[in-house]
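So the structure is just underneath, and the comments pick up after that.
Bear in mind that the values in this text are calculations on the coordinates, not laboratory data. This is a predicted model, so every value here is computed, not measured. Methodologically, a virtual Cβ is constructed for each residue, glycine included, from the backbone with ideal geometry; neighbour enumeration extends over all protein chains shown.
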Amino acid sequence: MTESHKPSGGRGATDPGRSARRGYTAVVLVAVAALLAGLGIWAGRSDDPEPSGDAVPRNAASGEMPTGPCAPTDTLVPPCGAWWGAYVPYAGNGSLEDAVLGFEKRIGRRLDLVYNYHDMSGTELDGQLLTPDEQELGEDRLLMLAWESTVWTEPHHENWTETQLGWKNIASGKYDEEVLDPQIRRVKAYGKRVFLSFDQETDARIKEGAGTPEEFVAAYRHLHDRFRELGADNVVWVWTVSGYLGSADEMKALYPGDEYVDWIAMDQYNYYRCHGTTDWKDFLRSQKPGYDWLRANITDDKPVMLAEFATAPDADDPLRQRDWYTRIPAAVKELPEVRALVHWNRPTSEKPECDLTVNDGPGLEGYREAGRNGYFHQPVPPR
């Protein structure tokens, strides 16, 4: 098995090795509605569709918009470079804001984009889009919200166990009033544009019981249309797959169409020895195959986001990890439609060879240097 068969940091490509990392078999559509109602986890109720004033974020749209040739487009494309972003796990004290600020202190710059993940539980901990921490971080940064059509078993998806709600049920409108609408109203109230990815790495979810590609397309379109119906037009839609070419047929069938998508995205890594291989892929070799395939087979009319990327270390040559990052500014120019790079700053296991973080050592040194490049310093819009 080659390295490309291995899962991504965030979720996992559709491959045999995925289950070893995540250690679970997803529960599929077994009296889900009754289960959720019994647990009382939903924040919104059909008899109280409008949230109170305290329940929604304040409007974060403010300030003058950037102007000139490098000003971002309406769909947040930076014409003169790319956004520099990261997914950073919550701090030990439960604060996302503390985690991000600590990460920024280490890397010596403010992130352009903060990526965070949510389920559809409706709980304040994980099921609420635009938490207080996200709102604070969104003052000076772009936010990307990954919204999963599942209910997580542990806080922040710690052990990756979950209950699937099912794409068929999302598409039917079954969860509109209780699940979707309260969060859509929160996004609308926020005002400022946000990236939204529905069921990122969606090709991995077919085997997890979410449904068929046709059901995903219907669910994606329904969610998109529901945002529009409720007037939440401040969403930039990101369609995210693994980029693993062994899932090419599934990825192609999962595309909802150009009219429903603003960006296309993928999650590809250099895992090296993390999954028992010996193949070291530099940044370009880890990203270009998926990039080329998406542009040739999905659309060549949309910007591309590397929604998760990272490299594992090489214990025999620690500087190799540093150099992997320092070469990104030059290498990414060969992927001209990549307009956002989001680092996955979380280990995939406790094994040292699977530590994808850049919290210290050569990895941090290389990531800091890459982040200084002017290509990754673009004007972040305030609204």
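Here are the numbers for the structure shown:
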{"quantity": "Within the stretch 78-100, tally of residues that are in contact with a Lys or Arg (Cβ under 9 Å, 6 or more places away or on another chain) and more than 27 Å from Ser149 (Cβ to Cβ)", "calculated": "5"}
{"quantity": "Checklist (1) within 20 Å of Gln200 (Cβ to Cβ); (2) crowded, with 23+ Cβ neighbours inside 10 Å applied to Gly246, failing item", "calculated": "(2)"}
{"quantity": "Segments classed as strands (runs of 3 or more DSSP E), wholly inside the stretch 186-295, with at least 1 members that are touching a Lys or Arg at 6+ places or on another chain (Cβ under 8 Å) and within 30 Å of Val358 (Cα to Cα)", "calculated": "235-241, 263-267"}
{"quantity": "Pair list, Cβ < 8 Å and 6+ apart or interchain, from the stretch 82-101 residues that are free of Cβ contacts under 8 Å to residues at least 60 places away in the same chain to residues that are among the aromatic types (Phe, Trp, Tyr)", "calculated": "Leu96/Tyr90; Ala99/Tyr90"}
{"quantity": "Condition met for Pro352 (in contact (Cβ under 8 Å) with a residue 24 or more places away in the chain and farther than 27 Å from Ser197 by Cα)", "calculated": "yes"}
{"quantity": "Subset of the stretch 210-235 [surrounded by fewer than 18 Cβ atoms within 10 Å (Cβ to Cβ) and either over 21 Å from Leu129 (Cα atoms) or of a type in the set (A, V, I, L, M) (or both)]", "calculated": "Thr212, Glu214, Leu230"}
{"quantity": "Complete set of residues in the stretch 126-144 that are touching a Pro at 6+ places or on another chain (Cβ under 7 Å) and among the polar types (S, T, N, Q)", "calculated": "Gln135"}
{"quantity": "Residue check, Leu364 buried (at least 24 other Cβ atoms within 10 Å of the Cβ) and touching a residue at least 24 places away in the same chain (Cβ under 8 Å)", "calculated": "no"}
{"quantity": "Options Glu154, Glu158, Glu148, Glu177; residue that is of a type outside the set (Val, Ile, Thr), within 18 Å of the chain's Cα centre (by Cα) and more than 19 Å from Leu196 (Cα to Cα)", "calculated": "Glu158"}
{"quantity": "Leading residue by the ranking (nearest to Pro89 (Cα to Cα)) among those in the stretch 296-343 that are part of a helix (DSSP H, G or I) and among the basic types (Lys, Arg)", "calculated": "Arg322"}
